[in-house]
Amino acid sequence: MTADAAGAVEIRNALVRLRRATGLPVAFGGLVEPGRQHVRISELNGNTTLALSGLPVTSGNGLGGRAVALARPCAVTDYSSSRQISHEYDVPVATEGLRSILAVPVVVRRRVRGVLYGALRTAQPLGDRTLDAAVEAARDVEQTLAVQDRVRGLLAQTPRSEEAARDPAAGAAWEQVREAHAALRALAPRIADPALRAELLDACELLTPGAAPLVPRPAGVRLTPRELDVLACLAAGATNAGASERLGLRPETVKSYLRSAMRKLGTHTRGETVAAARRAGLLP
């Protein structure tokens, strides 16, 4: 799956969550096309026509373009008569029968990467609850895109652990790999789409020494996904409490997974367990 396809999947899932959380009849959105100054509407949920499908929304134009230009949420109560926006897209909006619309930009590292829209077919104010839900959905997309970006960058340029042991600069880069690995494992269970979740876990696997053909994994060492999630957080420097918060688990559950991993690896402390998992090629 390409980066654009993965991003589109995450936009699609966010629209489903947005409609479920707010009851909005229509939600749609898309990503900024690489090298372009517009968002292309590619994902629609609750639509009755294809009037908005594939529509390129230029920065500064219409409601979504205004959200892109300002890098902040924007809303109108009656799209066709609003004086806050320009009206290049009145025809497709009217064809779909939309009146009250909000647009929330997806911003990663200060760059707008996409827009989520929610809409009503009646002219009435969209309340704070609806806006908050849209912002939360956009933040979820932002987090996913940021992790994907980081993983792709690290896969392209970071050294393997053997080089890190010889070079302090490489060692610092390898610590970034460990942080990305932990972030990726913490994020994956929250991804609703099975294909995207599998892709994230595959990328996570590529960050471990065991992914290298010259570093075979010892037979018999098998940790569950959640045991690996906990160890990845600990390897990145998190405390048990920090791992609990990051993974959305109870502190007692984190301790239980840690104890189970210790038994399997024959260790007695957190540090020994992380070191053993690294030697086994299970962690970067």
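Rg and Dmax of segment 3-137, Cα atoms, in Å?
Here Rg and the maximum Cα pair distance are 13.1, 37 Å.
Once amide H atoms are built 1.01 Å from N in the peptide plane, which residues 5 or more positions from Gly114, or in another chain, come under 5 Å H to H?
Val32, Val106
Could you line up Cys233, Cys74 from fewest to most neighbouring Cβ atoms inside 10 Å?
On the way: Cys233 26, Cys74 22.
The most exposed by this proxy come first: Cys74, Cys233.
What's the exposure ranking of Asp4, Asp128, going from fewest to most Cβ atoms within 10 Å?
Details: Asp4 12, Asp128 8.
Fewest to most other Cβ atoms nearby, the residues stand as Asp128, Asp4.
Please report His181, His268 as a ranked list, fewest other C-beta atoms within 10 angstrom at the top and most at the bottom.
Numbers: His181 25, His268 9.
By the 10 Å Cβ count, ascending, the order reads His268, His181.
Residues with beta-carbon under 11 Å from that of Asp140, excluding Asp140: net charge, scoring Lys, Arg +1 and Asp, Glu -1? Let's see the in-between values first.
Details: positive: Arg17, Arg139, Arg190; negative: Glu10, Glu136, Glu142.
Net local charge, Asp140 excluded: 0.
Since every read-out is calculated from the coordinates, none of them should be taken as a lab result. Treat the numbers as computed from the prediction; the structure is a model and nothing was measured. Neighbour counts run over all protein chains shown; Cβ positions are idealised from the backbone, glycine included.
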